[in-house]
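Data first, discussion second: the structure below is written as structure tokens.
Just so it is clear, none of the values below were taken in a lab; they were calculated from the coordinates. Note that the coordinates shown come from a computational prediction; the quantities given were computed from them, not determined experimentally. In this analysis, Cβ positions are derived from the backbone assuming ideal geometry, glycine residues included, and neighbour counts consider all displayed protein chains.
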Amino acid sequence: MFSKIIVWLILGALAGSIAGRVATLSKTGFGRWLNLAFGMLGAVVGGFLFSLFGINLGLGELKITAEDVISAFLGSLLCIGVWLLIRRRMKRHSPETPTA
């Protein structure tokens, strides 16, 4: 299981960059470090969810499978979505600062 987490973290670097670009529709996404963070967190979340629900796409048994890439990408998108919802909620509930 530990080796699988290492694979998820490595794939997360790639998946976070792609997910950041998809979510923002821009070349830079959320920036290098935030894309990396979303990717690594998303890869672990996606890999855990795929394992938890027994999702097996039947794409082969390699060290790094296409299933690992897909779960990392989807997990990254899930983390970005949660982050955007939290940001939106915090903006809605924060008091307006008066401008002079």
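Laid out as a table, the results:
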| item | result |
| --- | --- |
| Sum of -39500 (n - 2.57) over DSSP H runs of 4+, divided by residues of the chain (222 nm, nearest 500) | -25500 deg cm²/dmol |
| Crossing angle, helix 32-52 versus the chain [Cα axis fit, 0-90 degrees, rounded to tens] | 50 |
| Label-point separation, Ile10 to Arg87 (7 Å along Cα→Cβ), nm | 3.1 |
| Footprinting exposure proxy for Ser26, Ser76, Ser51 (fewest neighbouring C-beta atoms within 10 Å first) | Ser26, Ser51, Ser76 |
| Karplus-derived 3J(HN,Hα), 6.51/-1.76/1.60, for each residue of the range 73-83, Hz, glycine and proline x | 5, 5, x, 5, 4, 4, 5, 5, x, 5, 4 |
| Selected from Leu52, Trp33, Ile18, residue furthest toward positive end of dipole (the chain; charges at beta carbon) | Trp33 |
| For Cα extents along the principal axes in Å, calculated from these coordinates, the label among (1) 39, 30, 29; (2) 39, 33, 19; (3) 62, 28, 22 | (3) |
